[in-house]
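Okay, so here's the structure we're looking at.
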């Protein structure tokens, strides 16, 4: 499946979402759709994500991931428990000056990630096939991202050692996690 096999409405939804986020749809849509096509193809065999509808993949995977891009510029980012590369791959596409490490311990997902990085020619991304707590790069990252990984305290417990002093943790949560924020260590 390539991006041409998606209905025009999928491309239109992506273009509209990219413009709403003040991103260059003409430049970003082709590689994002190529990633989506690769994900859809691998998903049929390896069940990388429960989301299968291309329109929903645009909204829940691509655009939700890209909502983080105003908070990351250049520098280093570790995407913990990235699964099929979310939000790390869309961020690597949108921010080529950002060095992204996709941290994933599941072998089939890590294989997909390596293939995605290769096919998309993401020279600014690499795969670390490991649990976050096993990555031995203390203080190496300006930003940590996590999506559906754990509570905020759990994310800090397994990956906080990777964050440089003054770095940022960007965690995708459905609603503001006030109780989780209160449970964070000082």
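Taken together, the values in this text are just the output of simple stated rules run on the coordinates, not laboratory data. It should be emphasised that the depicted structure is a prediction, and the values quoted were computed from it without experimental measurement. FYI the Cβ positions are ideal-geometry reconstructions off the backbone, even for glycines, and counts take in every protein chain you see.
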| task | For a footprinting-style exposure proxy, rank 105, 5, 65 by other Cβ within 10 Å, fewest first. | result | 5, 105, 65
| query | Can you give the helix-only mean residue ellipticity at 222 nm for the chain, where every DSSP H stretch with n ≥ 4 adds -39500 (n - 2.57) and the sum goes over all residues, rounded to the nearest 500 deg cm²/dmol? | reply | -11000 deg cm²/dmol
| task | Take the alpha carbon atoms of the range 139-185, find their center, do the same for the range 40-84, and report the distance between the two centers in whole angstrom. | result | 18 Å
| query | Among 136, 142, 15, which comes first, second and so on when ranked by fewest other beta-carbon atoms within 10 Å? | reply | 136, 15, 142
| said: Among 143, 58, 175, which one shows the highest mean-square fluctuation when the chain is modelled as a Gaussian network with alpha-carbon springs under 10 Å? | reply: 175
| task | Please report the relative contact order for the range 89-186, taking Cα pairs under 8 Å with a sequence separation of at least 6, and give it as a percent rounded to a whole number. | result | 24 percent
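Fully extended, how many nm does the chain gain between residue 64 and residue 9 (0.36 nm per residue separation, minus their Cα-Cα distance)?
That pair, residue 64 and residue 9, stretches by 18.0 nm at full extension.
Compute the Kirkwood hydrodynamic radius of the range 72-161, taking the inverse of the mean of 1/r over all pairs of distinct Cα atoms, and give it in Å to one decimal.
Hydrodynamic radius (Kirkwood, Cα pairs) of the range 72-161 is 12.8 Å.
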| residue 27 paired with residue 41, simple spin-label distance in nm, labels 7 Å along Cα-to-beta-carbon | 2.6 nm
| Once the Cα atoms of the range 1-82 are picked out, what are the Rg and Dmax in Å? | 13.0, 36
| field | Ratio of the Cα radius of gyration of the chain to 2.2 N^0.38 Å, where N counts its residues | value | 0.99
| What order do you get for 89, 155, 181 when you list them from fewest to most C-beta neighbours inside 10 Å? | 181, 155, 89
| On a 0 to 90 degree scale, rounded to 10, what angle separates helix 8-20 from the longest Cα axis of the chain? | 40 degrees
| task | Find how much the distance from residue 56 to residue 184 grows on full extension, using 0.36 nm per residue of separation minus their present alpha carbon separation; answer in nm with one decimal. | result | 42.9 nm
